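Here the structure is laid out as structure tokens; the discussion comes afterwards.
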Amino acid sequence: MNTLFRKSTIILIALFIFVQCSPNDRNESTRSFEELPVLDYQTTHLIGESEQYIPGMLNKIFRLADGSWVVSDYGSTTIEHFTPGGEHQSTVAIEGEGPGEVRPFFFFHQLSDSLVAARQQMSNRLDFYKLNDQGELRHSRTQSPEQGSFIWSDLLPKPPDEILAIEQKDWFADDLNYDAENEYYQTSVMTLDFDLNVIEDSVTTLTLPNPRIFRSEQGGVSVFSVPFRSRDRILPLYDGSYWVARELEQRFEHYDPSHQLTGSFELNVEPRPVERADKEFHLGRIQGERWSDIESRIPADKPLFFDA
């Protein structure tokens, strides 16, 4: 059994400030990442290959209600299910275009502790997979959005039975309203039920980075993310409340299940410059004028964090 997840260093910012926080609270001193301790860690599970499955390029991994694990594998374009102990149990989805099958560059979301969904990049089609009473993860249904309906950049569980959906522009649309000179755009977060019906619209807004879009004379569209641009994130909690991490403002905000702001705190972190090696790592496969165009738009400093 091979260990697929190896971390030489884990750096964690422990954020315990919440009770009695006010929106104006701010740490006076500037914190440096160099000051943070390196945390020890213990391996509790190994996910390994078998005769039926050889890992390719793992992306998302979710834990289900029975303790088992489900993994999206971009390298082999599959969805894989593992036992609580890490042994390969089954291949849930294979590459294809039929119901329950996935295409390359699909997105993977956990909607509850027994329900996950794969979203196709181009069509935005959603395939749902549900954990049954026998401990098997099976395709349950396929839902294709109507033409002109929402496109989501992420779908997150909002317990007990709702979804937080982050709206996204259709970067491939011919009539895209897109200002190439703006680094960021505002998007709305909505609440959905498990049938993807909108319960509440625009419960909050997030700031997301604009990509660079290149269109060829033949009609082709290429979309590239600009490295090191900040991105707001939303973190649902088990009681139905959630945090919003606003990266540009270095602020964390807590909202109750009714979307009311209950507290916030800010961080004051020492800037970390983007080095030449960082640019080369992220732009390595891009060539020619596109490299120069995207490089010129990379910010001087790295974001406060890359995930939350």
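The values are calculated or read from the model by the stated rules, or taken from the named source; none is laboratory data. Here the structure is a predicted model, which means the values were calculated and not measured. Glycine also receives a Cβ, built like all others from the backbone with ideal geometry; neighbour counts cover every protein chain displayed. Heads up: the accessible areas ignore ligands, DNA and RNA and are worked out on the full protein's heavy atoms, side chains in. Shrake-Rupley method; radii C 1.70, N 1.55, O 1.52, S 1.80 Å.
The simple spin-label model puts a point 7 Å past each Cα toward its Cβ; for residue 62 and residue 278 those points are separated by 3.2 nm. Rolling a 1.4 angstrom probe over the chain with all protein chains present gives an accessible area of which 47% lies on carbon and sulfur atoms.
A dipole drawn for the range 242-304 from +1 and -1 charges on Cβ atoms has a positive end, and of 296, 283, 260 the residue lying farthest that way is 283. Stokes-Einstein diffusion for the range 157-202 at 10 °C, viscosity 1.306 mPa s, with a Kirkwood radius from C-alpha pairs, works out to 128 µm²/s. Per residue, the convex hull around the alpha carbon atoms of the range 189-308 comes to 152 Å³. Residue 177 sits among other residues whose Cβ lies under 12 Å from its own Cβ, and their net charge, with Lys and Arg +1 and Asp and Glu -1, is -3. Once you reduce the range 262-294 and the range 60-106 to the center of their Cα atoms, the two points are 31 Å from each other. Here residue 279 is the anchor, and the lysines within straight C-alpha reach of less than 27 Å, apart from those fewer than 8 places off in the same chain, are 7, 60, 169, 302. In the elastic network of the chain, a GNM with C-alpha springs shorter than 10 Å, the most mobile of 73, 239, 170 is 239. Just to confirm a number: summing +1 for Lys and Arg and -1 for Asp and Glu over residues other than residue 66 whose beta-carbon lies under 11 angstrom from that of residue 66, what do you get? In short, -2.
For the chain, rounded, prolate or oblate, judged on the Cα gyration tensor with a ≥ b ≥ c (square roots of eigenvalues), a/c < 1.5 rounded, else prolate if a/b > b/c? Note, shape of the chain comes out rounded. The GluC sites (Glu not before Pro) found in the range 129-238 that occupy coil by DSSP, while having at most 15 further C-beta atoms within 10 Å, are 136, 146, 181, 183, 217. Of all DSSP-defined beta bridges confined to the chain, some 95% are antiparallel rather than parallel.
Per residue, the convex hull spanned by the Cα atoms of the range 52-147 amounts to 89 cubic angstrom. Scanning the chain for trypsin sites (Lys or Arg not before Pro) in DSSP loops with at most 11 neighbouring Cβ atoms within 10 Å leaves 8-284 as the longest stretch between them. Using θ = phi - 60° in the Karplus curve 6.51 cos²θ - 1.76 cosθ + 1.60, the 3J(HN,Hα) couplings for the range 261-271 round to 5, 10, x, 7, 8, 10, 10, 10, 10, 4, x Hz; x is entered for Gly and Pro. Averaged per residue, the range 52-147 has 49 square angstrom of accessible surface, using a 1.4 angstrom probe with ligands and nucleic acids left out.
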